[in-house]
1. For ALA140, are the conditions met, namely being of a type outside the set (Ser, Thr, Tyr) and open to solvent by less than 30 Å² (accessible area, probe 1.4 Å)?
2. State yes or no: is THR73 modelled with pLDDT under 90, in contact with a Lys or Arg (Cβ under 9 Å, 6 or more places away or on another chain) and within 19 Å of GLU130 (Cα to Cα)?
3. TYR349 fails exactly one of the following numbered conditions: (1) within 11 Å of the ligand (Cβ to nearest atom); (2) open to solvent by 30 Å² or more (accessible area, probe 1.4 Å); (3) touching a Phe, Trp or Tyr at 6+ places or on another chain (Cβ under 8 Å); (4) in contact (Cβ under 8 Å) with a residue 60 or more places away in the chain. What is the number of that condition?
4. Just to be sure, is ALA367 open to solvent by 20 Å² or more (accessible area, probe 1.4 Å) and away from the ligand (no atom under 16 Å from the Cβ)?
5. Report, by residue number, each residue of region 193-215 that is at pLDDT below 90, loosely packed, with under 12 Cβ neighbours inside 10 Å and of a type outside the set (D, E, K, R).
6. Within region 88-131, work out how many residues are under 30 Å from ASN144 (Cβ atoms) and polar (S, T, N, Q).
7. Among the numbered criteria (1) near the ligand (Cβ under 10 Å from one of its atoms); (2) modelled with pLDDT of 95 or more; (3) touching a Ser or Thr at 6+ places or on another chain (Cβ under 7 Å); (4) not in a strand (DSSP E or B), which one does VAL433 miss?
8. Out of ARG392, ARG397, which single residue is within 8 Å of the ligand (Cβ to nearest atom), of a type in the set (Lys, Arg) and surrounded by 15 or more Cβ atoms within 10 Å (Cβ to Cβ)?
Amino acid sequence: MVLNIYPPLVSEDLVFRSKTATLQSSVSVIVSSLSGLDRLTEENVTSAMTVAEEAGLSRILVTDGAGRILYDTRETGSAVGQYAFYTEVVQALLGRDAAACSYKNGAFRSRAASPVLYQNQIIGAVYAYEYDTEKAAMLAGFQNNLFNLSMVIGAVVLVFSVVLSTTLTRQIGELLEAIRKVREGAYSHRAVVRGRDEIAQLGEEFNSLTDRLQKTEEARRRFVSDASHELKTPLAAIRLLSDSILQTENIDPETTREFVADIGKEAERLSRITEDLLRLTRLDSDVLEAASAVEVLPVVQQVVRMMELIAEERNITITYQAEEGCFVRSTRDELYQIIYNLADNAVKYDRDGGHVEIRLKRDRSWAVLTVADDGVGIPQEDLSLIFQRFYRVDMARSRAAGGTGLGLAIVRDTVEKRGGSVRADNRPEGGAVFTVRWPLIREGGAE
Ligand code: ADP
């Protein structure tokens, strides 16, 4: 639309200007050829005009001071003797130059008039009229070309936008469908990705988001089902033991005491599991307790003091070698939990009469803690799995030792939340060794 309105208007205006200018100058040439006359009459005008005849003009009129036509170039229907009432003539007789141009029905019509003066008196007017179809035809051709061009551009744009919008709509529709399916729970559904444009990137992002969602969802399901299974076992034992006490007639007090002691053990186990579950849930919730610079050595000493009593029962010795002044950003409770869980495992899975060794040293910007035992060790293929929740290498042994299968998961989550890492290895001389690394900080708290 812009192409069809603006350029024709501008070119029309340009033609108007050039036409009125040339017509005006033709008129002033005629006026100057009449300028020697003191009075205009048909005779002297006609004789002056034969010299100054202007080619290319459709009509020239010369009037006297009252507007009566003295000279007319039109051969048929000459208006000599009549009065000229054209606006431009009236303007000229009032002493002003006048010009106008219009474009209608495929022709330019331009008019111009100027007064003829003798000693500052208006003694007449010259009026010229031009009728031009040649330039008008050029303008029409130009407009026609523009129209054709804009039609072609319009058609191309239309085809292009229809193709583009259908492709876009289809791709977005597919993506929306995939989002809807995943929202309804089909976590294995993936969006089909074609090409490399932004929509394809969106599809890829959505797919990796869904991957994560699927993994999280699977982990959540597994955790819930493992947790309920773990809780069910001691509950079933408690139920069985209490039923036996109730249903056995004349049960002797010794057996009753034994059963009640077992019930107590199972209850203790339940509370250990729930405590560990709660701890893990807190770790999952991303709410961290405010940390400060804590020295590791006193915590190691505290754990060793605690563990010595338990270890002694199985003739296991615990020793430690620890550097002073290793500060890490954590809380004392967290450090205690980590070191206790590792030392507890080391004693649990060590052989009777074994030896557990805890070491703490600096390694450049890290505090490195190792807990080593000389027990059964961990099968190579399980080394990366034992940090998973409820994963045990030997279920029976873990149960018998009072394990929940959550200790190492708690260790890993707690350490990683504070920017550290933990790994398990087997020692060449037998037994397992766990290594924890934390970023070292200064006592005041700066890293
Ligand atoms: P649990 O409560 O069963 O000890 P953990 O999460 O603490 O659970 O440990 C997971 C499993 O890793 C254990 O069941 C055990 O099989 C194995 N494990 C952990 N520490 C040791 C170790 N020091 N020696 C051998 N096996 C170990």
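The values are calculated or read from the model by the stated rules, or taken from the named source; none is laboratory data. Just so we're clear, the structure is a prediction, and the values are computed from it rather than from any experiment. So basically every Cβ, Gly included, is an ideal-geometry build from the backbone, and we count neighbours across all protein chains shown. Quick note on the areas: whole protein, heavy atoms, side chains included, nothing else; ligands and nucleic acids left out. Shrake-Rupley method; radii C 1.70, N 1.55, O 1.52, S 1.80 Å.
1. Numbers: of a type outside the set (Ser, Thr, Tyr): yes; open to solvent by less than 30 Å² (accessible area, probe 1.4 Å): no.
No, not satisfied.
2. Working: modelled with pLDDT under 90: yes; in contact with a Lys or Arg (Cβ under 9 Å, 6 or more places away or on another chain): yes; within 19 Å of GLU130 (Cα to Cα): yes.
The answer is yes for THR73.
3. It fails just one condition, (3).
4. Values: open to solvent by 20 Å² or more (accessible area, probe 1.4 Å): no; away from the ligand (no atom under 16 Å from the Cβ): yes.
No; evaluated as a whole, the condition is false for this residue.
5. GLY195
6. Here is the first cut: in region 88-131, the ones under 30 Å from ASN144 (Cβ atoms) are 99-112, 129-131.
From the residues that got through so far, the ones that are polar (S, T, N, Q) too are 102, 105, 110.
The number of residues fulfilling the criteria is 3.
7. With respect to (1) near the ligand (Cβ under 10 Å from one of its atoms); (2) modelled with pLDDT of 95 or more; (3) touching a Ser or Thr at 6+ places or on another chain (Cβ under 7 Å); (4) not in a strand (DSSP E or B), VAL433 is out only on (4).
8. Numbers: ARG397 fails: surrounded by 15 or more Cβ atoms within 10 Å (Cβ to Cβ).
One residue alone meets the criteria, ARG392.
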